[in-house]
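Remarks on the structure that follows.
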Amino acid sequence: MRFCLKILPIKYITLSCIGDGAFAIEIGDDPPFSDIAGALYSYFSAQTSDREVKMDLNPIKDAFDRVAKKQKMSSSKTQEVVAQMIREIELSLEIIKAEHCGSEVDCKSVFGELKKKLQEIAPLSQFEGTQKELNIALSKYPKQLEKSFNPDISKAYRNIDFDAHTVNQIIAGHFYRQGLFDVGDCFINEANEPDSTAAMKSLFSEMYLVLEAMKNRNLEPALNWATANSTKLKEKGSDLLLKLHCLQFVEILQGGSRSKALSYVRTHISPFGANHFSEIQKLMACLLWSGKLHQSPYSDLLSPTNWNVVAEELTRQFCNLLGQSFDSPLSVTIAAGFQGLPPLLKFMTVMAGKKQEWQSMKQLPVPVELDREFQFHSIFVCPVSKEQSTDENPPMLMQCGHVLCKQSINKMSKNGSRTFKCPYCPSDIDSTQCRQLHL
C-alpha cells in the first residue's frame, strides 16, 4: 500500500508499506529558496565590493533582505507544521506496529484517523499567510532589479568626436599595467597604432618584474630600484626604501641568523635612525626572538599584509616617478561612468518625456554627482544661472564673501552700470570690486 499526502504545492509526505508491517516515510521538497538566494547574493556582493565598480545598491539589498526575511518566516512555519505532521504519522505507525493488524481494513481505519488529524492541523491554511507575504516580496524583487539595472543605455550616449589614438593608448596602457604585455602588443597591432604607442610597455615592464619578484619573496629587484631612486623618493616624502629594508631584515631574522640580521641593520637601516628611531628600536628588540618571531610580541611583522602594503606603495611611487597615475585611467573612467550612469539615464528619461534634445547641449542642466575619488579638480556651479564655471565665465568673489559666476554678476549689474543686491545677503555689490577665483 502507498499513501501520498500533499501538504504544500512543493512538498509531499509519502507513506509506503514495504512488507512485514514495516512502513517508510518519504518527504519530498524542492531546493530551498535560502540556498539559491544566498548563493546569488554572495556572488552579487562579491562582484560589487570592488572599489572600481560603485553604484547605489542599497535599494536592491533592502528588497533582498525583505525577501530573505519573509522566506525565513515561511520556512520556519513550514518546518513547524511538517514536524507536527510527522509526529502524527509516527504515532500512527506505532499504533499499527503495536496492534499487529494484518488486515487492510484495520490499517485503513488507522489511516482514516490520521487523515482526520492532519485535516485538523490544516497545513495549507497555516502556510497561506506567510506564503502570500513571501510571494509579494518575490514579485517586487525582479522589478527592483530591472529598475536598478536598466539594460538600455543607448539613450545616454552622445554622438561626439573623440581622439581614437588617445583611447587606444589608455586601453593598451591598462594591459601593460596588469603585466599583460602580449595582449597589449596584440591590441596595438590590431588597432594599427604606431610603434611609439608601444613605448609604454617599457615603462611598466620593470615595475611588473619587480612586483613579480616580491610575490616570490625576492626583494633584491625592489631594493635595487628604490636605492637607485632614493633621492627622488625622499623628495616625494616616501619611506619606501626603509620599508623594503625592514622586510628584508625580517626575512633574514626568520632564517635564524641573528648576526646577519644585526649586520644588515647596521649597514642598511641605521642611516634612517634620525627620523625613524622608534621603528628601528622595534627591529632591534626582534633580535631577541631570532628564528621564533611568530611567538614574539612582534609577530605582526610576519603578516603577509605587510608585503601587500609595501607592494602597493612601490607601485604608487613607481607610477608617480613615471608621471603616471596610480590607478589605471581606464579603470577610473569606467568606474566613474558606471556610477554616473543611473542618474544620467533618469535625466535622459525626463528629457525624452519633455521631447527635448540634449545632443546639442554643451553641458547638462543638472550636475551628476560623483564620489570624491573621481574629483580631480575643483568645480563651481553658479547658484543663480545653475551653470558650471568656465574659463570665459569664471567664479567671482563678491565683497560680502559670496561667489557668483561672472556672467551672472554682469547681468545683475547691467554690465557694471549699477550696484545690485547679493542673492544671499542684503549687501550692496559693486561689480568692479569683485575678484576672480582661480580653482
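See the values below:
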| item | result |
| --- | --- |
| The range 57-150 - percent of accessible surface contributed by carbon and sulfur, probe 1.4 Å | 52 |
| Surface accessible to a 1.4 Å probe, per residue, for the residues of the range 153-249, Å² | 58 |
| Long-range amide H partners of L404 with built H, under 5 Å | M396, M398 |
| Length added when fully stretched, T227-K116, from 0.36 nm per residue minus Cα-Cα | 31.2 nm |
| Protein accessible area in the range 188-268, 1.4 Å probe - carbon and sulfur % | 47 |
| Projected label distance in nm at M284 and A83, using a 7 Å step from Cα toward the beta-carbon | 6.5 |
| FRET efficiency, K97 to I153 (Cβ-Cβ, R0 60 Å, nearest 0.05) | 0.35 |
| Net lengthening on full extension, N216/S417 (0.36 nm per residue, minus Cα-Cα) | 65.1 nm |
| Extension gain (nm, one decimal) between F338 and E235, 0.36 nm per residue minus Cα-Cα | 33.4 nm |
| Local electrostatic count at M200 - Lys and Arg +1, Asp and Glu -1, tallied over other residues with Cβ under 15 Å | -3 |
| Carbon and sulfur %, accessible surface of the range 381-436 computed with the full protein complex present, 1.4 Å | 45 |
| Calculated FRET efficiency for the pair S270/K292, C-beta based, R₀ 22 Å, to 0.05 | 0.35 |
| Percent of Cα pairs exceeding the 12 Å cut-off, where the set is the range 381-436 | 59 |
| Estimated FRET transfer efficiency when R0 is 45 angstrom, pair D62-A311 (beta carbons, to 0.05) | 0.75 |
| For peptides 182-188, 293-299, sequence by mean Cβ density within 10 Å, most packed first | 182-188, 293-299 |
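The values are calculated or read from the model by the stated rules, or taken from the named source; none is laboratory data. Given the structure is predicted, the values throughout are model-derived calculations rather than measurements. All Cβ positions, even for glycine, are placed from backbone atoms using ideal geometry, and neighbour counts span all protein chains on display. Surface accessibility is based on the protein's heavy atoms, side chains included, excluding ligands, DNA and RNA. Shrake-Rupley method; radii C 1.70, N 1.55, O 1.52, S 1.80 Å.
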